[in-house]
Amino acid sequence: MDLWHIRGGRRLDGVCCVQGSKNASLPILAASILSPSESELHNVPRLRDIDAALRILRHLGCEAEQRDNEVYINANGVTHSAIPHKLMLEMRSSVIFMGALLARCGEARLSPPGGCQLGKRPIDLHLSALRQLGAEIEESGGEILCRAKHLKGAEIQLPFPSVGATENLMLAATAAEGATVIRGAAREPEIAALGDYLKTMGCKISGAGTDTITVGEMSYVNHTEHSIIADRIVASTIACAAAAAGGDVELRDVEPAHFSTVLHFLKQAGCDIMCQNRSVRLRSDGNLRAVGEICTEPYPGFPTDAQPVLMAALLKARGRTLIRETIFENRFRQVPELLRLGADIELCGQCAEIRGVERLHGTVLNATDLRGGAAMLVAGLTAEGQTTVCDDGHIRRGYESFDARLRALGADICLD
Ligand code: UD1
């Protein structure tokens, strides 16, 4: 059990280099098995979910190693097409290996993925899209068996821009005969990053990052090098922490456009924000105002992953903020814990109304999920006295050396 102890009330000041993106790294790690080649990846964060993906790669027969933020993969010897249940359960992104295995081995045997319990999180869109490429899929006894002797390019319309389904489809389509056109695709920066990696692997692909992606066949390239983009949710979390605690923080190595919706609301809340090429400077006196209404949406809308941390930043903001969550049914799990700090939040279905309070007081909280846990750390920075967040390892699934990064900015935080 990780215990995060925070004494609130300190300003955050200084420069913070933002880690590489978990959600960009994981599909790229899955994509590395598409051809019998070597990949060198830079700026990969050291996280529990990355370790889980590397264990899956090794199980499939790859060499896969991480040294600091560099990952080396040799996918020459992929021998297995099945992922054991235990490895599948470790994270949500294990499901992306389905499309990659189908492309490389013509078969994938796996079970439904794990990850944060944010709602039902079905994979019907993934399966239906892969079927349209010619895969035969059987589901029985908690196991999913996908087979395709021959994948054939198709025009596929996604009914919802699912990030995972778009990724699975892009990966499987690299082995299809003829071009695949994905319409209604997810437009997240992590999709564009996957497209960039596939290009360096020799794939003809265009439109990744827009709602129409065209994937052609792959030609063989024996060595691929790629640098992972900055994590826009970690950047958002630190921005929310500095906004709420007060301070003057420069986020470096980031792409400001990737989290501009979060910055928009922080500006509206009273922060002074300056964006430059690859950096964002945020100044706040810690006295925020409520921002009206926030609605989570697929990118380029406001990200569901940043919803809990922005909520935490607004707990003391003057006035009322309404948050409408449209992506996941169960994404307010942090709320009962935040109430125990003295927050005033009313839940009504998929909406949460936050009424700013004068003060929060530290207590012991339980991290419910990855971003919910991060939200509790943000709230703890603004609470009086000590807050302890008891965490089953959720936060370290997505945040690299987060205690050290916050301490370097002046926070009083330690991880036991
Ligand atoms: C989602 C987020 C992504 C975030 C990730 C991690 C969106 C659109 N996606 O991606 O930005 O980084 O969580 O927290 O914000 N759905 C189905 N059937 C499917 C697939 C999805 O009904 O086959 C539904 C889900 O239940 C959910 C919504 O579509 O309500 C979003 O799904 P999707 O984008 O696929 O989720 P992730 O890939 O996990």
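Odds and ends about this structure:
- Ranked list, fewest to most other Cβ atoms within 10 Å of each Cβ, for GLU90, GLU297: GLU297, GLU90
- Dipole magnitude (debye, nearest 20) for the range 22-227, charges at Cβ of Lys, Arg, Asp, Glu: 340
- Counting 0.36 nm for each residue step from ALA257 to THR214 and taking away their Cα separation leaves a gain of 13.1 nm.
- Given their separation in residues at 0.36 nm each and the Cα-Cα distance between them, ASN330 and CYS17 gain 109.5 nm when the chain is fully extended.
- Computed from label points 7 Å out along Cα-Cβ, the spacing between LEU145 and GLU353 is 5.4 nm.
- Neighbour counts of other Cβ atoms within 10 Å put CYS146, CYS16 in the fewest-to-most order CYS16, CYS146.
- Most tightly packed first, judged by the mean number of other beta-carbon atoms within 10 Å of their residues, the peptides 361-367, 260-266 read 260-266, 361-367.
- Taking the helices alone, the chain has a mean residue ellipticity at 222 nm of -8500 deg cm²/dmol, built from -39,500 (n - 2.57) per DSSP H run of at least 4 residues and averaged over all its residues.
- Of all beta bridges that DSSP places with both ends in the range 104-187, some 70 percent have antiparallel geometry.
- Beta bridges from DSSP with both residues in the chain: antiparallel share about 70 percent, rounded to the nearest 5.
- Spacing of the two label points (7 Å from each Cα toward its C-beta) at LEU89 and ASN287, in nm: 5.2
- For the range 402-416, backbone phi angles converted through the Karplus equation (6.51, -1.76, 1.60; θ = phi - 60°) give residue-by-residue couplings of 5, 4, 5, 5, 6, 4, 4, 8, x, 6, 9, 9, 9, 10, 9 Hz, Gly and Pro being listed as x.
- Compared with the direct C-alpha span, the chain from GLU155 to GLU346 gains 64.3 nm at full extension, assuming 0.36 nm per residue.
- The mean of 1/r over all pairs of different alpha-carbon atoms in the range 22-227, once inverted, gives a Kirkwood hydrodynamic radius of 16.4 Å.
- For the chain: rounded, prolate or oblate by the Cα gyration tensor [a/c cutoff 1.5]: prolate
- Label sites at SER206 and HIS264, each approximated as a point 7 angstrom past Cα along Cα to Cβ, lie 2.9 nm apart.
- Residue pairs exceeding 24 angstrom between C-alpha atoms, taken from LYS86/LYS204; LYS22/LYS199; LYS267/LYS316: LYS86/LYS204.
- Summing +1 for each Lys or Arg and -1 for each Asp or Glu among the other residues whose beta-carbon sits under 13 angstrom from that of THR166 gives -2.
Where a number appears in this text, it was derived from the coordinates with a stated rule and is not lab data. Computed from a predicted structure; not experimentally measured. Here Cβ is always computed from backbone atoms with ideal geometry, including for glycine, and neighbour counts include all displayed protein chains.
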